[in-house]
Amino acid sequence: MPMFSFNKSSYESRILNVLQDKFFITARRNKILAKWAAGRMNYTGAQLSQYVRSVIFAYLIVPNDRKMIEKILADFKSAHINISEEEIKLKIHAIEGRIKNKMRLNHAS
C-alpha cells in the first residue's frame with residue numbers, strides 16, 4: 001500500500017509514486033551511507049547504531065546532501081581518516097544506483 005494515498009487522476013498518482021520512490025531511495029541511501037562511514041571509523045554495536053541515527057537525524061533536520069557530506073567529512077577528520085569529498089559523492093552515487101537497480105528488478109517481477 002502506498003505511503004501517501006488519495007484518489008486523484010493517473011497523472012497525480014504517478015507524481016505520488018515518483019515522490020514515494022524518491023523518499024525511499026533517499027532514506028535507504030542515507031542509512032547505507034551512514035553504515036559505510038561508521039564501518040570506516042570502526043564503529044560497532046551501539047556506537048554504530050548511534051552514528052547511523054545521527055547521520056539520518058542530521059539529514060532530517062536539514063535535508064541537504066551537502067550538509068550530510070560535510071558532517072561525514074568532519075567525522076572522518078575527527079577520526080583521522082583521510083577521505084575526499086569526491087570519494088563520498090562517488091559512494092553516494094554508487095549506493096543510489098544499487099538501490100534503483102534493485103527497485104527496477106522488484107517492479108519488473
**Message:** Report every pair of residues separated by at least 6 positions or lying on different chains whose Cβ atoms are under 9 Å apart, first residue within the range 72-90 and at negative phi, second polar (S, T, N, Q).
**Reply:** Leu73/Ser84; Asp75/Ser54; Phe76/Asn82; Ala79/Asn42
**Those residues of the range 62-109 which are modelled with pLDDT of 90 or more, in a helix (DSSP H, G or I), over 19 Å from Arg40 (Cβ atoms) and not charged (D, E, K, R), in sequence order** = Gly97, Ile99, Asn101
**Prompt:** free of Cβ contacts under 8 Å to residues at least 12 places away in the same chain, part of a helix (DSSP H, G or I) and aliphatic (A, V, I, L, M), is that true of Leu33?
**Reply:** no
**Prompt:** What number of residues within the range 72-90 satisfy the criterion of being β-branched (Val, Ile, Thr) and closer than 15 Å to Lys35 by Cα?
**Reply:** 2
**Asked** In the set Arg66, Arg40, which member is under 16 Å from Ile92 (Cα atoms), surrounded by fewer than 11 Cβ atoms within 10 Å (Cβ to Cβ) and not β-branched (Val, Ile, Thr)?
**Response** Arg66
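The values are calculated or read from the model by the stated rules, or taken from the named source; none is laboratory data. No experiment lies behind these values; they were computed from the predicted model shown. Counting neighbours? That spans all protein chains shown, and the Cβs are built from the backbone with ideal geometry, glycine included.
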